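Chemist: Take this structure first; my questions come after.
The values are calculated or read from the model by the stated rules, or taken from the named source; none is laboratory data. Here the structure is a predicted model, which means the values were calculated and not measured. Note that we place each Cβ from the backbone using ideal geometry, even for glycine, and neighbour counts take in every protein chain shown.
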Amino acid sequence: MWKQVFSQLWNQRKANSWLWAELVVVIVLLWYGVDLVYNYEGAALAPKGYDTDYVFDLMVETKPIEVIDDADNRRAGEDFTYLYNLIRDYPGVEDVCAYYGSVPYTNSVQYEGYAPHSDSTRVVQCYIRYVTASYFKVFRIEPLAGRLDEEHWSPAESPMPVLMSADLADSLFHATRPGDAVGQTCFNPYFLNTPRPVTSYRVQAVLPRHKLDEYERYEPFIYLPLSKALFWQHVAVRVAPEHATGFAERFRRDMQSVFDRGIFYLDYIRSYSDMKEAFDVEQGTVNYLNTAYAVAAFFMGNVFLCVLATFWYRTRKRRCEIALRMAMGSSRRDVMRQLMLEGMTLLLAAVVPALFIAFNVQVADLTVHTLVDVSSGRFVLCFVAAVVLLAGVIALGIWYPARQAMHIQPAEALHDE
């Protein structure tokens with residue numbers, strides 16, 4: 001069989017040389033398109049480090065100062081605690097927490113620098129979240145090493161306990177394993193000249209890598225404790241999956257009047273999925289991705305039609321040969337195998353030069369890697385995916401016209417010859 005395949009390819013070497021050159025170019029173009037899509041979808045599929053499914057963001061705002069009296073101000077802490085407990089007891093609520101700092105899917109971010117005590121010159125900038133202990137239950141964050149000590153999760157502790165992402169632990173302490181950073185201490189150099197400087201933080205646990213939203217790179221994150229929920233913070237509510245549909249509307253309908261208490265009122269409640277959609281539109285992410293995917297789809301669609309048409313035409317031209325082979329005793333399976341092997345042999349012959357070209361394109365830093373770093377794994381995955389896709393197109397371009405040609409009567413084929 002292989003001898004026949006190589007003989008046939010050699011007999012048609014002039015036409016096959018052009019087809020081989022086309023396949024080399026097409027593999028490189030298809031790889032580039034797949035690599036472009038991987039840059040965005042690979043980032044979107046990578047975990048954020050925390051789970052926002054079935055979580056709602058709730059904001060309790062204060063009324064204008066003109067309508068607030070002194071009695072309301074004195075009762076503010078008590079009123080907010082009362083409202084916070086109402087949220088926790090509302091039907092369908094699993095967990096509730098309060099936090100402020102860097103808020104997912106918003107432009108509200110807070111970051112500062114931290115340095116290890118072993119090297120005060122190495123200051124690492126990172127995003128900050130001040131959270132109550134229940135935050136990690138609400139957002140389903142499981143430490144990679146260490147554990148949260150809820151009893152001592154307080155800013156009054158010395159050293160103050162913190163949890164940090166693996167990126168920050170690696171940058172501060174050069175921790176090859178997450179556990180190496182647990183128990184280490186660091187400080188915030190910008191607080192040293194303040195009236196109440198906090199000079200020591202101790203790492204309780206190391207968390208998975210974090211990012212602010214799906215289409216972002218991983219960034220260093222640190223979590224610091226809040227002693228209790230205070231009214232200028234965001235309240236995050238995790239809802240049981242069976243209660244999630246329509247939860248925001250039900251909560252607003254039932255609790256809008258209840259939250260009109262003292263200086264407070266319910267400003268909004270919205271799911272993090274709605275926040276993500278709104279943020280992507282606001283940042284132009286949706287338009288950008290639609291444009292990028294449209295270019296990639298046009299690119300890959302032209303490749304598909306070009307290769308499909310080439311092999312379709314090539315196979316149709318040989319329909320008399322197919323019929324004659326069958327008239328001389330070859331089975332349909334043998335004929336189909338012969339044609340498929342010819343196509344795949346041409347493809348494999350084009351893979352080596354295409355691999356060389358694609359590798360040099362990547363080395364020259366001409367690929368899009370704004371969200372996912374260039375790596376050997378990414379290159380191999382995208383190149384193999386391009387070759388497999390192209391193999392499928394070639395198989396389709398051979399199978400259908402060959403199947404039609406197999407129904408030609410031998411007498412008609414001989415007449416055509």
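Chemist: Just checking, does segment 137-159 include any residue being of a type in the set (S, T, N, Q) and assigned to a strand (DSSP E or B)?
Modeler: Step one: list which residues in segment 137-159 are of a type in the set (S, T, N, Q), which gives 154, 158.
After this cut, where a residue has to be assigned to a strand (DSSP E or B) as well, the list is none.
No, segment 137-159 contains no residue that is of a type in the set (S, T, N, Q) and assigned to a strand (DSSP E or B).
Table: residues versus (1) at pLDDT 90 or above; (2) in contact with a Ser or Thr (Cβ under 6 Å, 6 or more places away or on another chain); (3) more than 25 Å from L289 (Cβ to Cβ).
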{"position": "A354", "(1), (2), (3)": "yes, no, yes"}
{"position": "N360", "(1), (2), (3)": "yes, no, yes"}
{"position": "H369", "(1), (2), (3)": "no, no, no"}
{"position": "V380", "(1), (2), (3)": "yes, no, no"}
{"position": "F383", "(1), (2), (3)": "yes, no, no"}
{"position": "A395", "(1), (2), (3)": "no, no, yes"}
{"position": "Y400", "(1), (2), (3)": "no, no, yes"}
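Chemist: Moving on to the next point. Answer yes if at least one residue in segment 260-269 is aliphatic (A, V, I, L, M), touching a residue at least 60 places away in the same chain (Cβ under 8 Å), in a strand (DSSP E or B) and within 15 Å of I87 (Cβ to Cβ), and no otherwise.
Modeler: Just the residues of segment 260-269 that are aliphatic (A, V, I, L, M), to begin with: 263, 266, 269.
Narrowing the set further to residues that are touching a residue at least 60 places away in the same chain (Cβ under 8 Å) leaves 263, 266, 269.
Then keep just the ones that are in a strand (DSSP E or B); that gives 266, 269.
Still in the list and also within 15 Å of I87 (Cβ to Cβ): 266, 269.
Within segment 260-269, one or more residues are aliphatic (A, V, I, L, M), touching a residue at least 60 places away in the same chain (Cβ under 8 Å), in a strand (DSSP E or B) and within 15 Å of I87 (Cβ to Cβ).
Chemist: I'd like the full set of residues that are in a loop (DSSP other than H, G, I, E, B) and modelled with pLDDT of 95 or more, limited to segment 194-208.
Modeler: Restricting attention to segment 194-208, the residues satisfying the condition of being in a loop (DSSP other than H, G, I, E, B) are 194-200, 208.
Listed by number, the list holds a single entry, P208.
Chemist: Filter segment 152-172 for residues that are free of Cβ contacts under 8 Å to residues at least 60 places away in the same chain and buried (at least 24 other Cβ atoms within 10 Å of the Cβ); which is farthest from A133 (Cα to Cα)?
Modeler: Restricting attention to segment 152-172, the residues satisfying the condition of being free of Cβ contacts under 8 Å to residues at least 60 places away in the same chain are 152, 158-159, 164, 166-172.
Filter once more, so that each one left must be buried (at least 24 other Cβ atoms within 10 Å of the Cβ): 164, 168-169, 172.
Details: M164: 14, L168: 20, A169: 20, L172: 24 Å.
Among those residues, the one meeting the criterion is L172.
Chemist: Among the numbered criteria (1) surrounded by fewer than 15 Cβ atoms within 10 Å (Cβ to Cβ); (2) more than 23 Å from the chain's Cα centre (by Cα), which one does S108 miss?
Modeler: Checking S108 against (1) surrounded by fewer than 15 Cβ atoms within 10 Å (Cβ to Cβ); (2) more than 23 Å from the chain's Cα centre (by Cα), the one that fails is (2).
Chemist: Could you please find all residues in segment 360-379 being in a loop (DSSP other than H, G, I, E, B), of a type outside the set (A, V, I, L, M) and more than 19 Å from Y218 (Cβ to Cβ)? Give the steps one after another, and end with the answer.
Modeler: We begin by selecting, within segment 360-379, every residue in a loop (DSSP other than H, G, I, E, B); these are 364-375.
Checking the rest, the ones that are also of a type outside the set (A, V, I, L, M) come to 365, 367, 369-370, 373, 375.
Scanning segment 360-379 gives D365, T367.
Chemist: Continuing with this model, one more query. If R75 satisfies all but one of (1) surrounded by fewer than 17 Cβ atoms within 10 Å (Cβ to Cβ); (2) of a type outside the set (S, T, Y); (3) more than 14 Å from R261 (Cα to Cα), what's the number of the condition it fails?
Modeler: Of everything listed in (1) surrounded by fewer than 17 Cβ atoms within 10 Å (Cβ to Cβ); (2) of a type outside the set (S, T, Y); (3) more than 14 Å from R261 (Cα to Cα), R75 misses just condition (3).
Chemist: For the structure I just gave you, tell me whether G183 is modelled with pLDDT of 90 or more, touching a helix residue (DSSP H, G or I) at 6+ places or on another chain (Cβ under 7 Å) and surrounded by fewer than 16 Cβ atoms within 10 Å (Cβ to Cβ).
Modeler: Working: modelled with pLDDT of 90 or more: yes; touching a helix residue (DSSP H, G or I) at 6+ places or on another chain (Cβ under 7 Å): no; surrounded by fewer than 16 Cβ atoms within 10 Å (Cβ to Cβ): yes.
Against the criterion (modelled with pLDDT of 90 or more, touching a helix residue (DSSP H, G or I) at 6+ places or on another chain (Cβ under 7 Å) and surrounded by fewer than 16 Cβ atoms within 10 Å (Cβ to Cβ)), G183 does not qualify.
Chemist: Please verify whether E41 is under 24 Å from the mean Cα position of the chain (by Cα), in a helix (DSSP H, G or I) and at pLDDT below 90, treating the condition exactly as stated. Outline the logic, then answer.
Modeler: Numbers: under 24 Å from the mean Cα position of the chain (by Cα): yes; in a helix (DSSP H, G or I): yes; at pLDDT below 90: yes.
For E41, the condition - under 24 Å from the mean Cα position of the chain (by Cα), in a helix (DSSP H, G or I) and at pLDDT below 90 - is met.
Chemist: Which residues, taken from segment 91-108, are over 13 Å from H234 (Cβ atoms) and at pLDDT below 90?
Modeler: Listed by number, the list holds a single entry, N107.
Chemist: Could you tell me which numbered condition A294 fails, if it satisfies all but one of (1) at pLDDT below 80; (2) within 24 Å of L390 (Cα to Cα); (3) among the hydrophobic types (A, V, I, L, M, F, W, C); (4) surrounded by fewer than 13 Cβ atoms within 10 Å (Cβ to Cβ)?
Modeler: Just one mismatch for A294, condition (1).
Chemist: Same structure again: Restricted to segment 281-294, and to residues that are touching a residue at least 24 places away in the same chain (Cβ under 8 Å) and of a type outside the set (G, A, S), which residue is nearest to L36 (Cα to Cα)?
Modeler: Let us first name the residues in segment 281-294 that are touching a residue at least 24 places away in the same chain (Cβ under 8 Å), namely 285, 289, 292-293.
Restricting the remaining residues to those that are of a type outside the set (G, A, S) gives 285, 289, 293.
Numbers: T285: 15, L289: 11, Y293: 8 Å.
Going through the qualifying residues, I end up with Y293.
Chemist: Tell me, yes or no, whether segment 8-19 has at least one residue that is in a helix (DSSP H, G or I), over 30 Å from R140 (Cβ atoms) and at pLDDT 90 or above.
Modeler: Restricting attention to segment 8-19, the residues satisfying the condition of being in a helix (DSSP H, G or I) are 8-11, 13-19.
Applying the additional criterion that residues be over 30 Å from R140 (Cβ atoms) yields 8-11, 13-19.
The next check asks that each one be at pLDDT 90 or above; those that pass are none.
Checked against the condition, which is being in a helix (DSSP H, G or I), over 30 Å from R140 (Cβ atoms) and at pLDDT 90 or above, segment 8-19 yields no hits at all.
Chemist: If I ask for residues that are within 26 Å of the chain's Cα centre (by Cα) and surrounded by 13 or more Cβ atoms within 10 Å (Cβ to Cβ), which ones from segment 240-276 would you list?
Modeler: A244, I269, R270, S271, Y272, S273, D274, M275, K276
Chemist: Turning to a different aspect of this structure: Looking only at residues that are more than 31 Å from the chain's Cα centre (by Cα) and not polar (S, T, N, Q) in segment 214-231, which one is surrounded by the fewest Cβ atoms within 10 Å (Cβ to Cβ)? Please lay out each step first, then the result.
Modeler: So the first thing to find is which residues in segment 214-231 are more than 31 Å from the chain's Cα centre (by Cα), and the list is 227-231.
Filter once more, so that each one left must be not polar (S, T, N, Q): 228-231.
Working: K228: 12, A229: 22, L230: 16, F231: 20.
Per the criteria, the residue is K228.
Chemist: Please verify whether segment 359-377 includes one or more residues that are crowded, with 18+ Cβ neighbours inside 10 Å, within 19 Å of V26 (Cβ to Cβ), within 21 Å of the chain's Cα centre (by Cα) and not acidic (D, E).
Modeler: Yes, segment 359-377 has at least one match.
Chemist: Now for a separate question. Filter segment 89-117 down to the residues that are free of Cβ contacts under 8 Å to residues at least 12 places away in the same chain and part of a loop (DSSP other than H, G, I, E, B) and list them by number.
Modeler: Here is the first cut: in segment 89-117, the ones free of Cβ contacts under 8 Å to residues at least 12 places away in the same chain are 89, 107-108.
N107, S108, listed by residue number.
Chemist: Does L168 fit the bill of being more than 17 Å from D51 (Cα to Cα), part of a helix (DSSP H, G or I) and touching a Lys or Arg at 6+ places or on another chain (Cβ under 7 Å)?
Modeler: Details: more than 17 Å from D51 (Cα to Cα): yes; part of a helix (DSSP H, G or I): yes; touching a Lys or Arg at 6+ places or on another chain (Cβ under 7 Å): no.
Judged against the criteria, L168 is not a match.
Chemist: Failed condition for V123, given (1) of a type in the set (A, V, I, L, M, F, W, C); (2) free of Cβ contacts under 8 Å to residues at least 60 places away in the same chain; (3) farther than 21 Å from T52 by Cβ, with all others met?
Modeler: For V123, the failing item is (2).
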